[in-house]
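The values are calculated or read from the model by the stated rules, or taken from the named source; none is laboratory data. Just so we're clear, the structure is a prediction, and the values are computed from it rather than from any experiment. Note that each Cβ is placed from the backbone with ideal geometry, even for glycine, and that neighbours are counted across all protein chains shown. To get the accessible areas, we keep the full protein, side chains included, count just its heavy atoms, and leave off ligands, DNA and RNA. Shrake-Rupley method; radii C 1.70, N 1.55, O 1.52, S 1.80 Å.
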Amino acid sequence: MQIEKTIRPIRILAIESSCDDTSVAIVEGTMDDAFPKVLALAVQSQNEIHKNYGGVVPELASREHLKNLLPCFKKTLEEANLGLKDMDVFAATGQPGLIGSLLIGHSSAKTLSFLYDKPFISCDHLEGHRLSVYLESFPRPPYLTLVVSGGHSSLYLVQKDLRAKRLGLTLDDAAGEAFDKGAKLLGLGFPGGPELEKAARLGNPNVEPFNAVKVTGLNFSFSGLKSELARRVKKDFHLYDLCASYQKAILDHLMAKLKRALEETKAREVVLVGGVASNQSLRDRLESLKSEKKLNQWYAPSPRYCTDNAAMIGVAAFLKWKQKEFSELTQDVSSTSRPRPKEMRALKFAQA
Ligand code: KG4
Ligand code: ZN
């Protein structure tokens, strides 16, 4: 494997294909940089395919990745004005996600690594989301990170070395799933989050209030809200008011846990990441929380870095590259997040 000893910035080509978005990014940085900068990013959504089914169909997602991946490569390389031969590392999401979808991006990155004799780095999708904030801002640990996406809702305390301690997680549906399933019950489009947010803007959130969610510790639960919504749509309802009330109930629950976590930790900053972090009402609630809890600051990436994208995988891969934490070409994918290997794989880099 060729690992050049050079002070020029290294370029990482990163692939994200864990669910239904195909994405390729090129990021660049030196050993002295804390985080890399994005040279190019392409994202191809599959919403047009899955909206006909009201949710992601795994086999169709895999087939679409096969179609979309090469155009994404082409777009990214053209945007960066670079070729595959100019890449120093190939990286891809290896977990968690849909196995068929993960395999496509992961195998492509491994093949390129083999062909160009460059290191391969397998990344964790949730770590990518957590690190996505560093594409644009620099929160100071210790801080809280709320990951709210279509598949995950978890709260972390991020320490000085960026190690994330999970404080709580959803016991059933994820926050994005609550938006998607709610939107489906209300007859709105797919993906449900942005559609429900649009409809909620036109309604009064206090007309059809939901009961507050009760769940232990810093965990979340959204399935009760969804069941309550399913009962209400069977009777007469005002669409916009019900959307506004349902969205408020989801956000109330997220905010209650965030407030409790702020009381229980020394964190004075909050980071929101994942698809739901692009919700403007949630962002407004964070702004209010800032004055209420006297936060130093709160952060959320731009919407294009909130939803699934390969730039965040580029950041995760860059940090691993700095630690010389490379992956074997035999590395498999996994539907769940596995703990990092105890042994950092210094490989030949350390001996070079
Ligand atoms: O992070 P992401 O792209 O994929 C996963 O890792 O799951 O998140 C997608 C989720 C979907 O559930 C989508 O409905 C939700 O994020 N979402 C939103 C908004 N934009 C996307 N939810 C609420 N409001 C939004 N504006
Ligand atoms: Zn995601």
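Annotations
- Three-way shape call for segment 1-145 based on the alpha-carbon gyration tensor, with the a/c threshold at 1.5: oblate
- Given charges at Cβ of Lys, Arg, Asp, Glu: segment 195-352 dipole, positive-most of A310, S227, C243: A310
- For the pair S107 and K75, label points projected 7 Å from Cα toward Cβ lie 2.3 nm apart.
- For segment 170-244, the per residue solvent-accessible surface stands at 51 Å², with DNA, RNA and ligands left out and a 1.4 Å probe.
- Neighbour-limited loop hits for trypsin sites (Lys or Arg not before Pro), segment 229-295 (at most 11 other Cβ within 10 Å; DSSP other than H, G, I, E, B): K234, K235, K266, K294
- Across segment 66-109, no residue has a backbone nitrogen under 12 Å from the label position 7 Å along the beta-carbon direction of Q323.
- Principal-axis tilt of helix 239-264 within the chain, Cα atoms, nearest 10 degrees: 60
- Under the combined filter of DSSP loop state and at most 11 neighbouring Cβ atoms within 10 Å, segment 159-206 retains these trypsin sites (Lys or Arg not before Pro): K160, R163.
- Measuring nothing but protein heavy atoms, the accessible surface of segment 148-195 at 1.4 Å probe radius is 51 percent carbon and sulfur.
- Counting protein heavy atoms only, segment 17-87 has 52 percent of its accessible area on carbon and sulfur, 1.4 angstrom probe.
- Cα gyration tensor, segment 96-182 - rounded (a/c under 1.5), prolate or oblate: oblate
- Here's the picture: charge each Lys and Arg Cβ at +1 and each Asp and Glu Cβ at -1 in segment 119-192, and of L135, F120, G182 the one pushed furthest to the positive end of that dipole is L135.
- Average Cα contact separation per residue, the chain, under 8 Å, 6 or more apart, as relative contact order %: 22
- Tensor-based shape of the chain (alpha-carbon gyration tensor, a/c under 1.5 rounded, otherwise prolate or oblate): prolate
- Solvent-accessible area assigned to carbon and sulfur over segment 263-306 amounts to 45 percent, based on a 1.4 Å probe.
- Magnitude of the charge dipole, segment 1-144, Cβ model with Lys/Arg +1 and Asp/Glu -1, debye to 20: 140
- Over all projection directions, the Cα-based convex hull of segment 178-302 averages an area of 7.7 nm².
- Heavy-atom accessible area order for H106, H238, largest first, 1.4 Å probe: H238, H106
- For the chain, calculated [θ]222 nm from helices alone, where every DSSP H run of n ≥ 4 adds -39500 (n - 2.57): -12500 deg cm²/dmol
- Distance in nm between pseudo-label sites at L169 and L202 (7 Å out along the Cβ direction from Cα): 3.9
- Helix axis angle, 280-292 relative to the chain longest principal axis, alpha carbon, degrees: 80
- Compared with the dominant principal axis of the Cα atoms in the chain, helix 310-322 is inclined by about 50°.
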